[in-house]
Structures are given as C-alpha cells and as structure tokens.
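The values are calculated or read from the model by the stated rules, or taken from the named source; none is laboratory data. Computed from a prediction, not measured in an experiment: that's the story for all the values here. Every residue, glycine as well, gets a Cβ built from its backbone with ideal geometry; the counts of neighbours run over all protein chains shown.
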Amino acid sequence: MTPHLVLLRVGAERFALPLEGVWHILPTQRVFPLALIRPEFRGVFLYQGEVVPLLDLPALVGGGAGSGFAYTVIYGTELGLLGLPVDQVLQIVECRSGTVAAREPAPPAPVLAQSHFVYGGNEYPLLDVETLLNTLSR
C-alpha cells in the first residue's frame, strides 16, 4: 500500500498529515471547555461515545485561538484519539507524488514539523503529532 498525506489548511498556514493516523474527518464538533485542561487544548468533544481532547492547533501555528473552523480531524496517537481543528482539507495525495525534506533551520518548540512535503511547487510542513504531544507534556 502506498503511503498518503492529507494536505490541509489551518488559518493561512498549510500542513501535511500522514493519512494512516487519520481516523475520520468530520464537520466541526461541539466542544466542551474544561476548567483544568492544559492551555494547548480547546476542550473536549464526544466521538462515538469517547471523550476526545481538541488540540488548539490554530494557536500553536500562530493563527490565534479563533473560534471558527470547518472540520475536526480525528487522529490516532499512542496516547489515544486527538482532535485537530482545520479550516480546509485540500486533498489527499500519495507521498511519492512529492518530496519530503528536513526543514532548515530546525523549527522552534513546540515542534509542529521537523520536515516538509513539497507538492505542486508548494511546501507543506509535515505535522509530527506524536512529537508535538510529547513536547507539550513537558
């Protein structure tokens, strides 16, 4: 099976996300704020009877903590499911249709992407959700 990437947009920023971690892409979910949740999360939502934290991805990419986004990407991690709010899902592409290269210079913390995917003349930072979560847990 050929690996694929989901190309998406969060605010003005474009990103790539490995398809194998994506469980579903849903319209925006109702988010329930929690008083003691870490500031990197918007709150939680219900997905198939499971409580799932929603990462405040727009704030982490520098787009501010805006309230509106069109979709929630349900992403599987070693720690369980995670919601990623996105404004637009651009397309799903095969990895071999572009190139992956390390980012120069290395990105600052929190680590959103250590490499990027070049496709159609555009660069898409490749989100490393596991590393990002490990960085946030410190």
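Residues of the stretch 23-44 that are within 11 Å of Asp56 (Cα to Cα) and not hydrophobic (A, V, I, L, M, F, W, C): Arg38, Pro39, Glu40, Arg42, Gly43. Restricting the stretch 23-43 to residues that are surrounded by 14 or more Cβ atoms within 10 Å (Cβ to Cβ) and without any contact (Cβ under 8 Å) to a residue 24 or more places away in the chain, the residue that is farthest from Gln114 (Cα to Cα) is Val31. Which of the residues spanning the stretch 39-53 are of a type outside the set (Phe, Trp, Tyr) and out of contact with any Lys or Arg (no Cβ under 9 Å at 6 or more places or on another chain)? Passing the criteria: Pro39, Glu40, Arg42, Gly43, Val44, Gln48, Gly49, Glu50, Val51, Val52. Residues in the stretch 6-27 that are more than 12 Å from the chain's Cα centre (by Cα) and part of a strand (DSSP E or B): Trp23, His24, Leu26, Pro27. For the stretch 53-70, a residue qualifies if it is surrounded by fewer than 18 Cβ atoms within 10 Å (Cβ to Cβ) and modelled with pLDDT of 90 or more, and exactly one does: Ala70.
Applying the set (1) free of Cβ contacts under 8 Å to residues at least 24 places away in the same chain; (2) touching a Leu at 6+ places or on another chain (Cβ under 8 Å); (3) acidic (Asp, Glu) to Glu20 leaves exactly one unmet item: (2).
Among the conditions (1) surrounded by fewer than 16 Cβ atoms within 10 Å (Cβ to Cβ); (2) in contact with a strand residue (DSSP E or B) (Cβ under 9 Å, 6 or more places away or on another chain); (3) not aromatic (Phe, Trp, Tyr), Gly49 misses just one, which is (2).
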